[in-house]
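Worksheet for the structure shown next.
Values quoted throughout were computed directly from the atomic coordinates according to the rules given, and no laboratory measurement underlies them. Keep in mind the model is a prediction, meaning the values are calculated, not measured. Here the Cβ is made from the backbone with ideal geometry for all residues, glycine too, and neighbour counts use every protein chain on show.
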């Protein structure tokens with residue numbers, strides 16, 4: 001349709017072959033969307049409102065919830081637009097911008113999970129000096145560092161997209177814009193755009209995962225040296241929520257990477273489904289994990305509900 005016009009808008013795709021039931025497919029997506037907004041929004045409100053949660057661990061949780069909200073608000077409007085309204089066109093500039101924020105927020109989330117592992121390491125290794133090491137200003141510096149790493153590292157592969165000519169099909173394979181989808185439509189040398197993301201993934205996701213693993217090896221070693229079994233269980237219990245979020249995030253990253261790299265012959269619906277799992281599952285699960293596994297969050301929820309019932 002757009003093969004001869006390089007500046008024409010891109011066309012987003014939903015579930016190919018299931019267009020007639022897109023309205024029905026949109027229902028669970030809309031429910032998950034509202035659940036993510038409610039869950040992460042509630043976490044942000046609780047931590048902001050409850051002064052007993054004004055600690056480094058919960059400040060990092062605020063960053064995680066904010067990143068999850070950002071990812072959801074970046075992707076879901078176009079997804080619901082395609083499924084509900086069959087609105088498939090997206091301007092090139094808007095598409096590149098969406099792609100930039102999607103990939104930036106993914107790297108930011110990986111960095112926040114690493115920062116949370118550092119937080120747990122300090123809390124267990126130096127409990128008496130924990131608050132003096134992780135001051136508010138130190139937490140802010142870590143947060144800004146994680147954010148800047150994401151913002152800057154994604155610029156190199158996104159910028160060339162603005163001047164690439166697009167003389168092939170303008171149809172993307174998802175209901176949102178991904179760098180790997182866009183670059184395949186370019187009529188230009190995309191060697192840099194193929195190589196750079198591989199290096200970036202190795203230096204961010206892979207390296208972050210290794211450092212998180214190493215930090216927990218040290219944590220488990222320190223915990224095993226604690227004489228009391230009750231104290232060991234208490235120390236490990238403070239890490240359960242974070243470990244669960246790490247597993248949710250990195251298992252979906254590995255699954256999506258595996259499908260993209262080695263699942264070329266897999267049905268298209270498998271690729272699409274894994275993409276949605278990657279973007280929706282962590283933001284959906286993280287608030288649930290922290291609400292179920294963290295007693296301080298549970299107490300804050302009970303306190304909020306009791307105050308509301310009295311009012």
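Quick notes on this one:
- Extension gain (nm, one decimal) between residue 184 and residue 261, 0.36 nm per residue minus Cα-Cα: 26.3 nm
- Between helix 229-262 and the chain: long-axis angle, C-alpha atoms, 0 to 90°, nearest 10: 10 degrees
- Burial order of peptide ranges 105-111, 41-47 (average beta-carbon count within 10 Å, highest first): 105-111, 41-47
- In this label model, residue 167 and residue 52 are separated by 6.7 nm, measuring between points 7 Å along each Cα→Cβ vector.
- Taking the longest Cα principal axis of the chain as reference, the axis of helix 268-293 is set at about 20 degrees.
- At R0 = 45 Å, FRET efficiency that the Cβ-Cβ distance of residue 295 and residue 24 yields, to 0.05: 0.70
- Rounded to the nearest 500, the 222 nm mean residue ellipticity of the chain from helices alone is -25000 deg cm²/dmol, with -39,500 (n - 2.57) taken per DSSP H run of at least 4 residues.
- Spherically averaged projected area in nm², based on the convex hull that wraps the Cα atoms of region 82-217: 10.5 nm²
- Whether region 124-196 is rounded, prolate or oblate, judged on the alpha carbon gyration tensor where a/c under 1.5 counts as rounded: prolate
- The P(r) of the chain has a tail past 26 Å containing 51 percent of all C-alpha pairs.
- Across the chain, the mean sequence separation of Cα contacts (distance under 8 Å, 6 or more residues apart), normalised by length, yields a relative contact order of 27 percent.
- Helix 295-310 axis, angle to the chain major axis (alpha carbon atoms, nearest 10°): 90 degrees
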